[in-house]
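Okay, structure first, notes after.
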Amino acid sequence: MTSKKLPEWVPPAGLQLHLTGVHFDAIRVRGVPGEAVLHHLATLTDGDPGPVVREVAGGRWTYFLIPPGVSKRYDWPPGAACLGPSARDLYVGIPAAHGNTYPLSWRCGAPEDGEFVDAELLHGVVVAQLVREDW
């Protein structure tokens, strides 16, 4: 059995808040649209979209983790919040790879060191899911 090397920002247990724009940027999508984005992204990546954190309580947010600083290269549509380097501090809760991490969990397993969601592919899927041309 091989074990993957986890990024240093994945906590050994429980949850930790991490400042966006340092180890990763995050694109946040709420509820059913977030699940739809994840479903289509997983389909396009043979079930391996990269690190995605899901909140199962409250706003039921889905966080897609992309390389730090990359989020600003794209114009994210309404419904997709860009959490990257900004004038104010923005944090994302990161769950441990295993154990009790309620209300957060890794949607497709904890990432390997250096693994991120493909930002360009994510942007295309988010735009396709959230932008309605008939508006």
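Out of curiosity, is GLY31 over 23 Å from ALA13 (Cα atoms), surrounded by fewer than 21 Cβ atoms within 10 Å (Cβ to Cβ) and out of contact with any strand residue (DSSP E or B) (no Cβ under 9 Å at 6 or more places or on another chain)?
Criteria not met by GLY31.
In this structure, does THR62 turn out to be more than 21 Å from LYS4 (Cα to Cα), touching a Lys or Arg at 6+ places or on another chain (Cβ under 7 Å) and not acidic (Asp, Glu)?
So THR62 fits the description; yes.
Kindly check whether there is at least one residue in the range 21-42 that is of a type outside the set (Phe, Trp, Tyr), assigned to a loop (DSSP other than H, G, I, E, B) and in contact with a Lys or Arg (Cβ under 6 Å, 6 or more places away or on another chain).
no
Could you please let me know if GLY109 is open to solvent by less than 50 Å² (accessible area, probe 1.4 Å), on the phi > 0 side of the Ramachandran plot and at pLDDT below 95? Steps first, please.
Details: open to solvent by less than 50 Å² (accessible area, probe 1.4 Å): yes; on the phi > 0 side of the Ramachandran plot: yes; at pLDDT below 95: yes.
Criteria met by GLY109.
All but one of (1) under 15 Å from the mean Cα position of the chain (by Cα); (2) open to solvent by 20 Å² or more (accessible area, probe 1.4 Å); (3) at pLDDT 95 or above; (4) over 21 Å from ALA128 (Cβ atoms) hold for ALA13, so report the exception by its number.
(1)
What is the one condition in (1) open to solvent by 50 Å² or more (accessible area, probe 1.4 Å); (2) within 25 Å of PRO11 (Cα to Cα); (3) hydroxyl-bearing (Ser, Thr, Tyr) that THR62 does not satisfy?
Unmet for THR62, out of (1) open to solvent by 50 Å² or more (accessible area, probe 1.4 Å); (2) within 25 Å of PRO11 (Cα to Cα); (3) hydroxyl-bearing (Ser, Thr, Tyr): (1).
When you scan the range 115-122, do you find a residue that is in a loop (DSSP other than H, G, I, E, B), open to solvent by 40 Å² or more (accessible area, probe 1.4 Å), touching a strand residue (DSSP E or B) at 6+ places or on another chain (Cβ under 6 Å) and in contact (Cβ under 8 Å) with a residue 12 or more places away in the chain, even just one? Spell out how you get there, then give the answer.
In the first step, residues of the range 115-122 are kept if they are in a loop (DSSP other than H, G, I, E, B); the result is 115-118.
Filter again for open to solvent by 40 Å² or more (accessible area, probe 1.4 Å), leaving 115-116, 118.
Applying the additional criterion that residues be touching a strand residue (DSSP E or B) at 6+ places or on another chain (Cβ under 6 Å) yields 116.
Checking which are in contact (Cβ under 8 Å) with a residue 12 or more places away in the chain leaves us with 116.
Yes: the range 115-122 contains one or more residues that are in a loop (DSSP other than H, G, I, E, B), open to solvent by 40 Å² or more (accessible area, probe 1.4 Å), touching a strand residue (DSSP E or B) at 6+ places or on another chain (Cβ under 6 Å) and in contact (Cβ under 8 Å) with a residue 12 or more places away in the chain.
Listed residues LEU38, LEU83; which is in contact with an Asp or Glu (Cβ under 9 Å, 6 or more places away or on another chain) and buried (at least 17 other Cβ atoms within 10 Å of the Cβ)?
LEU83
All but one of (1) open to solvent by 20 Å² or more (accessible area, probe 1.4 Å); (2) over 24 Å from GLN129 (Cβ atoms) hold for PRO78; state the number of the condition that does not hold.
With respect to (1) open to solvent by 20 Å² or more (accessible area, probe 1.4 Å); (2) over 24 Å from GLN129 (Cβ atoms), PRO78 is out only on (2).
In the range 1-10, what residues are among the β-branched types (Val, Ile, Thr) and either in a strand (DSSP E or B) or open to solvent by less than 60 Å² (accessible area, probe 1.4 Å) (or both)?
The answer is VAL10, and nothing else.
State all residues of the range 50-83 that are over 12 Å from GLU120 (Cα atoms) and part of a loop (DSSP other than H, G, I, E, B); if no residue qualifies, say none.
GLY50, PRO51, VAL56, ALA57, GLY58, GLY59, ARG60, PRO68, GLY69, PRO77, PRO78, GLY79
Under 8 Å by Cβ, and 6 or more places apart or on different chains, what pairs join a residue from the range 90-114 that is outside any loop (DSSP other than H, G, I, E, B) with one that is aromatic (Phe, Trp, Tyr)?
Going by the 8 Å Cβ cut-off, the qualifying pairs are VAL92/PHE24; VAL92/TYR63; ILE94/TRP9; PRO95/TRP106.
The values are calculated or read from the model by the stated rules, or taken from the named source; none is laboratory data. All figures in this text were calculated on a predicted structure; none of them were measured in a lab. Cβ sites come from the backbone with ideal geometry, for glycine too, and all protein chains shown count toward neighbours. Just the protein is used for accessible areas: all its heavy atoms, side chains included, with ligands, DNA and RNA removed. Shrake-Rupley method; radii C 1.70, N 1.55, O 1.52, S 1.80 Å.
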